[in-house]
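Below is one structure; the comments refer to it alone.
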Amino acid sequence: MKKLVTTFKVFALLSVMALHSCQNENNEMNQQEAVQAKTTIDELKKEITPSSSQIVPDAVQLQLNESTKNLETYLKNDLQIVGVTVLGKISTQQGVELSKKLITDKDQFIASGNIMDPSSVKIGKIGDLYHGEDLTIARQGLNEAITEQVKPGTQVMEVTWSGKNGKFTTFCFYGDSGIIWDNIFGGLVMMDTRGNSEASDQASKVASKWYKQWWTANWLWGSKRGEAGYQITIYYSGSTVSNADVSDWGYISLGKAKSESKITKRTGAYGQCRYALGLCTPTGSLSFNSTNFSVSFSGLGSNIVSNGTKSLYP
């Protein structure tokens with residue numbers, strides 16, 4: 001019995017030692033990542049031609065002002081812009097590569113969600129919000145967004161935010177015409193999830209009739225960022241439909257979109273279509289399943305998906 005107790009004590013001691021070893025390794029990894037992030041920031045600043053002024057272009061200032069108003073309206077004190085520091089212009093391709101590395105760094109802050117639905121909003125470090133495959137998708141999406149938009153000559157400012165968990169900063173890339181990318185500005189959207197609809201004039205005596213429905217994603221400052229929708233048209237005589245067709249569309253700036261539609265009833269008492277639509281920010285992914293004719297979202301990011309059927313009568 002004494003030998004059994006001794007064996008148990010040795011096992012317990014080894015378990016504690018192993019646990020402390022894992023904790024120390026995790027702490028060392030976190031410290032190394034923090035040092036790497038700091039190094040990347042310092043290296044990036046060396047590739048930036050400093051600005052002699054803290055004044056941003058009028059278009060950018062307007063976007064900042066409108067974003068501040070919309071954040072106050074929908075998120076109250078959960079997220080606020082508290083300061084902006086102009087750094088200058090990226091002067092080299094190396095500066096672009098460092099920007100991509102920094103934006104996707106696990107210690108950088110990011111946001112996702114629809115500010116008109118505060119419960120959908122998530123804010124935190126990339127490494128805390130994304131794991132496994134979701135982290136891979138997010139980093140690839142962010143990298144693609146930066147690759148398409150950020151070039152030598154792009155201007156950079158540091159934005160200071162205040163949220164539930166205190167203050168943090170992000171790097172915001174912009175040009176004379178407006179903001180290009182920032183992990184908070186670009187990660188959040190404004191969307192009315194109910195969508196919009198429009199129909200042809202019911203009073204007109206015509207041999208065709210159409211119905212259109214669409215969903216819009218806006219930037220934080222209110223301008224349109226993307227849209228997905230469909231339109232069904234029927235052709236009829238009296239109360240009998242002789243033909244029907246449908247069209248669809250989907251697009252979003254710095255994000256991903258999918259749109260599919262098909263006619264499921266072309267003649268008879270009514271026309272009918274199916275539609276599958278989706279929009280999302282670059283940190284998520286959309287896929288279309290032709291078997292059940294639907295779009296689905298995976299990952300973590302601001303998104304809206306709408307799958308359904310629409311019937312239209314003469």
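For the reader, a short list of remarks on this structure follows.
Here is a yes/no grid of residues against (1) out of contact with any strand residue (DSSP E or B) (no Cβ under 9 Å at 6 or more places or on another chain); (2) at pLDDT below 95; (3) closer than 23 Å to residue 76 by Cα; (4) among the hydrophobic types (A, V, I, L, M, F, W, C):
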site	(1), (2), (3), (4)
165	no, yes, yes, no
204	yes, yes, no, no
213	no, no, no, no
228	no, no, no, yes
231	no, no, no, no
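- One residue stands out in the range 245-259 among those that are touching a Leu at 6+ places or on another chain (Cβ under 8 Å) and charged (D, E, K, R): the one that is most open to solvent (accessible area, probe 1.4 Å), namely 258.
- Residue check for residue 174: surrounded by 21 or more Cβ atoms within 10 Å (Cβ to Cβ), closer than 18 Å to residue 221 by Cα and of a type in the set (Ser, Thr, Tyr): yes
- Scanning the range 54-73 for residues that are open to solvent by 80 Å² or more (accessible area, probe 1.4 Å) and closer than 13 Å to residue 116 by Cα turns up 69, 72.
- Any chance residue 112 is open to solvent by less than 20 Å² (accessible area, probe 1.4 Å) and among the hydroxyl-bearing types (Ser, Thr, Tyr): yes
- Answer from 242, 200, 247, 177 - the residue that is more than 26 Å from residue 123 (Cβ to Cβ) and touching a helix residue (DSSP H, G or I) at 6+ places or on another chain (Cβ under 8 Å): 177
- Residue that is modelled with the highest pLDDT, among those in the range 122-159 that are hydroxyl-bearing (Ser, Thr, Tyr) and open to solvent by less than 30 Å² (accessible area, probe 1.4 Å): 154
- Cβ-Cβ under 6 Å pairs, at least 6 apart or on other chains, the range 255-281 side within 12 Å of residue 244 (Cβ to Cβ), far side hydroxyl-bearing (Ser, Thr, Tyr) and not in a strand (DSSP E or B): 270/313
- Conditions (1) closer than 24 Å to residue 305 by Cα; (2) of a type outside the set (Ser, Thr, Tyr); (3) surrounded by fewer than 18 Cβ atoms within 10 Å (Cβ to Cβ); number of the one not met by residue 97: (1)
- Qualifying residue in the range 69-91 (condition: of a type in the set (Asp, Glu) and in contact (Cβ under 8 Å) with a residue 24 or more places away in the chain): yes
- Flag if residue 224 is in contact (Cβ under 8 Å) with a residue 24 or more places away in the chain and either among the basic types (Lys, Arg) or open to solvent by 30 Å² or more (accessible area, probe 1.4 Å) (or both): no
- Any chance residue 217 is surrounded by 14 or more Cβ atoms within 10 Å (Cβ to Cβ), closer than 30 Å to residue 261 by Cβ and of a type in the set (Gly, Ala, Ser): yes
- For the range 104-143, a residue qualifies if it is of a type in the set (Ser, Thr, Tyr) and more than 17 Å from residue 255 (Cα to Cα), and the qualifying residues are 119, 120, 130.
- Condition check for residue 314 on (1) modelled with pLDDT of 95 or more; (2) over 28 Å from residue 178 (Cα atoms): one failure, at (1).
- Check on residue 198, part of a strand (DSSP E or B), loosely packed, with under 15 Cβ neighbours inside 10 Å and free of Cβ contacts under 8 Å to residues at least 60 places away in the same chain: yes
- Selection over the range 97-128 of residues that are closer than 28 Å to residue 151 by Cα, in contact with a Leu (Cβ under 7 Å, 6 or more places away or on another chain) and hydrophobic (A, V, I, L, M, F, W, C) gives a count of 6.
- Taken together, the criteria exclude residue 220 from residues that are closer than 27 Å to residue 148 by Cβ, modelled with pLDDT under 95, in contact with a helix residue (DSSP H, G or I) (Cβ under 7 Å, 6 or more places away or on another chain) and not polar (S, T, N, Q).
- Filtering the range 166-215 to residues that are within 18 Å of the chain's Cα centre (by Cα) and among the aliphatic types (A, V, I, L, M) leaves 179, 180, 184, 188, 189, 190, 191.
The values are calculated or read from the model by the stated rules, or taken from the named source; none is laboratory data. It should be emphasised that the depicted structure is a prediction, and the values quoted were computed from it without experimental measurement. Positions of Cβ are backbone-derived with ideal geometry, glycine not excepted, and every protein chain shown enters the neighbour counts. Side chains are part of the model used for accessible areas, which takes the heavy atoms of the whole protein and leaves out ligands, DNA and RNA. Shrake-Rupley method; radii C 1.70, N 1.55, O 1.52, S 1.80 Å.
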